[in-house]
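The values are calculated or read from the model by the stated rules, or taken from the named source; none is laboratory data. What you see is a predicted model; the values in this text were computed from it and never measured. Counting neighbours? That spans all protein chains shown, and the Cβs are built from the backbone with ideal geometry, glycine included.
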Amino acid sequence: MFNAHSTEIITGPYGEREEHDRFRCNHCGAHKRLKPGETPEFTCKICMDFICGFCANRLMVDGCTPQEKYLEDMERAITRRLGWERNFREMGR
Ligand SMILES: [Zn+2]
Ligand SMILES: [Zn+2]
C-alpha cells in the first residue's frame, strides 16, 4: 500500500475542502500533487523511490541522481573552489 509523504488540504472561499496526496521526488526533491488514490507514475529502478515526470525523463541521460548525492557533489565543488581561492590569494601575497 502506498503511503503519501504528506497530505495537502486546501480550503476554498466557501468552506469547501480539497485534499491532495503529495509525494516528494527523490531526485529533485520537488513535492508533487497526486489525485486521491493515485500513486506516483514513475519509480526510479536504481534508488527504488518515487520520482517526478521531469526526473523520469532525465533518468535516461543523467541516471539516478538523488537529491542527497546532488547536494554532496555541490558541497564538494564549493569546497574545492574555496580551496582554490585560498591558494590563489596566498600566491598573490
Ligand atoms: Zn524530480
Ligand atoms: Zn534514483
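For region 31-48, how many residues meet the condition of being within 16 Å of ligand 1 (Cβ to nearest atom) and loosely packed, with under 15 Cβ neighbours inside 10 Å?
8
Quick one: in region 14-28, of everything that is at pLDDT 90 or above and not hydrophobic (A, V, I, L, M, F, W, C), which residue is surrounded by the most Cβ atoms within 10 Å (Cβ to Cβ)?
Selected residue: HIS27.
Residue-wise test of (1) surrounded by 11 or more Cβ atoms within 10 Å (Cβ to Cβ); (2) in contact with a strand residue (DSSP E or B) (Cβ under 9 Å, 6 or more places away or on another chain).
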position	(1), (2)
PHE50	yes, yes
LEU59	yes, yes
LYS69	yes, no
MET74	no, no
ALA77	no, no
GLY83	no, no
ARG89	no, no
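Return the residues of region 38-83 that are touching a Pro at 6+ places or on another chain (Cβ under 7 Å) and under 20 Å from ASP21 (Cα atoms); say none if nothing qualifies. Quick ask: steps written out before the conclusion?
From region 38-83, those touching a Pro at 6+ places or on another chain (Cβ under 7 Å) are 47, 50; that's our starting set.
Result: PHE50, single match.
Limited to region 37-69, what total is found for residues that are near ligand 2 (Cβ under 7 Å from one of its atoms), modelled with pLDDT of 90 or more, closer than 25 Å to GLU8 by Cβ and out of contact with any helix residue (DSSP H, G or I) (no Cβ under 7 Å at 6 or more places or on another chain)?
Number of matching residues: 3.
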